[in-house]
Amino acid sequence: MSDKPKHQLFATRLGVIAATVGSAVGLGNIWRFPYEAGVHGGGAFLVIYVFFIVLLGIPVLCAEFALGRSTHCNVLGCFRHLKPGQPFWKIIGVIGVTSGMMILSFYSVIAGWTLEYFVVSLKGEVAGNSTEELHSLFGDFTAGLRPVMWTVVFLLINYCVIVRGVRKGVEKASNLLTPALMILLAVFCVNSLTMPGAADGLSFLFKPDFSQITPGVVIGAMGQAFFSLSLGLGCMLTYASYFPDRTPLVRSAAVTVGLDVLTAVMAGVLIFPVVFTYGFSPQEGPTLVFEVLPAIFAQVSGGWFWAPLFFFMLFLASLTSTISMSEIGIAWLTQDRGMSRGKACVLVIAVAMVCGVACALSFGYWSGLSLPVIGEFNIFNFFDYTSSNVLLPLGGMLISIFAGWMLDRNILRRELTTPRTALSSLAPAIVFLLRYVSPVMILVIFIANL
Ligand code: TRP
């Protein structure tokens, strides 16, 4: 069947699902989705997001799975292996490793904020504060040096997991953290549903108001679909290279996509009832989770308990995602560059620390710093924008073109249908989407975006 792997594979079925779902479910679902939906018409954003998840997310995820599992190679090795004489396709790998590092860097900054808020709310410094106080708490914090410290701390925690290897590190941590995250999320949802503003919150989330939809929102929703499923950079490809041959790819993709959408919806169910109950606006933007929720936790009874628990949950969600981002570079360094896993982990974390610290400083000391080439962006925004809005869709388009048109159709079909499950019958539809729908759709939106 597929090529013989030269590295460890995930040992269990739970490991496969926990790792991929852990990668997909992250700040993208719990922090980004609610604020994007909040600003862009609630239910309307949800509808468009699900549309892209189905038409683009599922096929591209299946493509990454098939490419990774059939070669058992990292994102550079995979294309070299499949098209030895065509160095062009190496570009997918270059995009993957580079933007994987960029995302790891700025993502760790926000993950660091969750650690600060965990500690601060544990110490009870959130409860009892007014909205203005919480606003300046956030501003003062992000402008100072503490985010730098937390970025470093977070990356060190990430290091402690990945250095243990695929099975003892990535798989074991995912098996523990992903279910814990889902349980916490469910507990929070139930709690929110008992609040007086639950009906208003739910109707905001589920009743689409299409008047808020502009072309920009459509692009944002596509980006959100890709980001949220960890697609376009070979992150899922790398994880799939650790899948055993007995893993059914279409079914695993369906589970991953289902749980990814479910957690985004759950994050909405968690946040909007609370927002409406306490008379806030859902249109707060990126600070929704860091300013509005603490303001609310400060008022609810038992806030001292819920606030740290919430930020701990955000931390878990971040960690299972950053583990997967680190793995893109580590797989390449160990398989293609002959590095030991230990050295590769040190290198990846060291680079992420340097870039991450620069991103962390973008909110304070370096906020005025904008390089001429990149216009008005500070370093954080540059990393975020280039990787999420440019490299991610570009990588996604190239991956779908490669899988749909360049890859031997027998390989694709075989990977999608072995072992056979009820969902294997979707393989022809997935191949069709990969060839004719996803590349065109990404290209159109991509050009419109630029
Ligand atoms: N999917 C994660 C989230 O929603 C983020 C993530 C992990 C990611 N790995 C990735 C995004 C690779 C892009 C590419 O938070």
Open item on the list: Can you confirm whether SER400 is under 30 Å from LEU434 (Cα atoms) and in contact with a Ser or Thr (Cβ under 8 Å, 6 or more places away or on another chain)?
Closed with: yes
- [ ] Look at TYR159 and say whether it is closer than 25 Å to ALA18 by Cβ, part of a loop (DSSP other than H, G, I, E, B) and not β-branched (Val, Ile, Thr).
- [x] no
Open item on the list: Quick test for you: out of LEU416, LEU423, LEU412, LEU391, pick the one residue that is assigned to a helix (DSSP H, G or I), touching a Pro at 6+ places or on another chain (Cβ under 8 Å) and at pLDDT 90 or above.
Closed with: LEU423
Open item on the list: Cβ contacts < 7 Å: first residue charged (D, E, K, R), restricted to region 16-41; second residue within 10 Å of the ligand (Cβ to nearest atom), any location; separation 6+ or different chain. Result?
Closed with: ARG32/GLN224; GLU36/GLN224
Task: Residues located in region 355-378, provided they are over 20 Å from the mean Cα position of the chain (by Cα), at pLDDT 85 or above and closer than 19 Å to ARG32 by Cβ - done: SER362, PHE363
TODO: Restrict the check to region 336-345 and report whether at least one residue is at pLDDT 95 or above and in contact with a Phe, Trp or Tyr (Cβ under 8 Å, 6 or more places away or on another chain).
DONE: yes
Task: Single residue of ARG435, ARG413, ARG409 found to be touching a residue at least 12 places away in the same chain (Cβ under 8 Å), surrounded by fewer than 19 Cβ atoms within 10 Å (Cβ to Cβ) and closer than 14 Å to VAL60 by Cβ - done: ARG435
- [ ] Give ALA295, ALA307 a once-over and let me know the one that is touching a Pro at 6+ places or on another chain (Cβ under 7 Å), more than 30 Å from LEU76 (Cβ to Cβ) and more than 16 Å from the ligand (Cβ to nearest atom).
- [x] ALA307
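The values are calculated or read from the model by the stated rules, or taken from the named source; none is laboratory data. No experiment lies behind these values; they were computed from the predicted model shown. Don't worry about glycine lacking a Cβ; one is built from the backbone with ideal geometry, like all the others, and counts go over all protein chains shown.
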